[in-house]
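No value in this document is a laboratory result; all are computed from the given coordinates. Computed from a prediction, not measured in an experiment: that's the story for all the values here. Note that we place each Cβ from the backbone using ideal geometry, even for glycine, and neighbour counts take in every protein chain shown.
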Amino acid sequence: MNEAEKRLQERYGKKLGALAAEFPWNSQLLDLLSHRSVRAYLPDPLPEGTLDVLIAAAQSAATSSNLQTWSVVAVTDPARKERLSVLAANQAHIRQCPLFLVWLADLARLRHTAQRLGLPEAGLDYLEMFVMAVVDAALAAQNAVVAAESLGLGTVYIGAMRNRPEEVAAELQLPPGVFAVFGLCLGYPDPARPAATKPRLPARAVLQRETYAPLESQEPAIEEYDQTMRAFYQQQQMAVADDWSHHSARRIAGPASLIGPRPAAGRPRPTRLRAALINPPLTAQEIPEPDAGLFLFVLNSKTRPPCSGGEPRTPACDRRTGEVELKLCY
Ligand SMILES: Cc1cc2nc3c(=O)[nH]c(=O)nc-3n(C[C@H](O)[C@H](O)[C@H](O)COP(=O)(O)O)c2cc1C
């Protein structure tokens, strides 16, 4: 088995058919196939200049209309990492890694730029711009991840940065219009606790040709993957009792399961924003005003007029139903 076949086998957790003999494999492809999240780090500092290189790589990603609606906060202060880790379900690797990057959807810079010129900037209030900023931040971050891995560093994204977004915003002093999309731990992997390549769905589940085939046609691939992952969870001694389908279904069971790990006993309860999300019956009137725009308090709290209800699809949150859900906004 050649190197490419070996990496593909690890990626899918099973031997694949023979590859096209002529395919021009290269080291970049092999590196991409070898990605794994790292959750155990050595304390070793990163070589000087690493952050600059990672940011240059991130800035080399494509960005919608060259608007560059993202920023990143680099955190190395142990006390701040500790506080951020507490805000992110107490994940130890945030404290442990020498560098923690918080990737931001950033509409503040553009707003400021337009305001400075005395030009209108109402387009920023639409969900489309927020999606654009999140996409931009994700593309930039992934470029940084690929660059880091090419340097022998390990990484793990931290979506739990969104567990308590208001407190994260306060900790990082984010201005209105800036939202922490996710964090990213970086450091040298601890060889004593190596990470395994986590298999993915068979490509035939995700790859649709020309048009999207009926969902039922994906079932055999998913069943095959369930078997692969059942074995993987056992082999890695992960706390997953069943298979990928059940595990994933639990994750989407309801608003309460969106936040990932529950706060440990004695830890603060979710914030107003989170409480609103996991409490659909809460009415808009019961939500303190900064959450009224619920669609991302941090983005909008200081810039958005209070919701008054009324016409659908206005940039303001639709309060008419009294239900508070992200999807009701915009
Ligand atoms: C946006 C995003 C957020 C994530 N958040 C977390 C997190 O909070 N904690 C964690 O341990 N892993 C997190 N991960 C890592 C995923 O669990 C991981 O990528 C996935 O299980 C696949 O494993 P692999 O990266 O090792 O291939 C996140 C990944 C992404 C892309």
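Our coupling estimate for segment 46-56, obtained by passing each phi through the Karplus curve with A = 6.51, B = -1.76, C = 1.60 and θ = phi - 60°, is 7, x, 4, x, 4, 4, 4, 5, 4, 6, 4 Hz, Gly and Pro reported as x. Annotation note: chymotrypsin sites (Phe, Trp or Tyr not before Pro) in segment 171-228 located in DSSP loop regions with a Cβ neighbour count of at most 15 within 10 Å are 212. Each label was represented as a point 7 Å from its Cα along the Cα-to-Cβ direction; for residue 209 and residue 56 these points are 4.2 nm apart. Annotation: amide H of residue 187 within the under-5 Å range of 154, sequence separation 5 or more or interchain, hydrogens built in the peptide plane.
Work out how much length residue 4 to residue 66 would gain on full extension: take 0.36 nm times their residue separation and subtract the Cα-Cα distance, in nm to one decimal.
Result: 18.8 nm gained on full extension.
Of the chymotrypsin sites (Phe, Trp or Tyr not before Pro) found in segment 99-148, the ones in coil according to DSSP and having at most 16 other Cβ atoms within 10 Å of their Cβ are 126. List residues of segment 26-70, by number, whose backbone nitrogen lies under 20 Å from a label position 7 Å along Cα→C-beta of residue 126. Hits in segment 26-70 for residue 126 at 20 Å: 63-70.
Here's how it looks for residue 38: its modeled amide H is under 5 Å from those of 155, 156, which are all 5 or more places away or on a different chain. Amide H contacts for residue 75 (H built 1.01 Å from N in the peptide plane; partners 5 or more residues away or on another chain; cut-off under 5 Å): 100, 101, 102.
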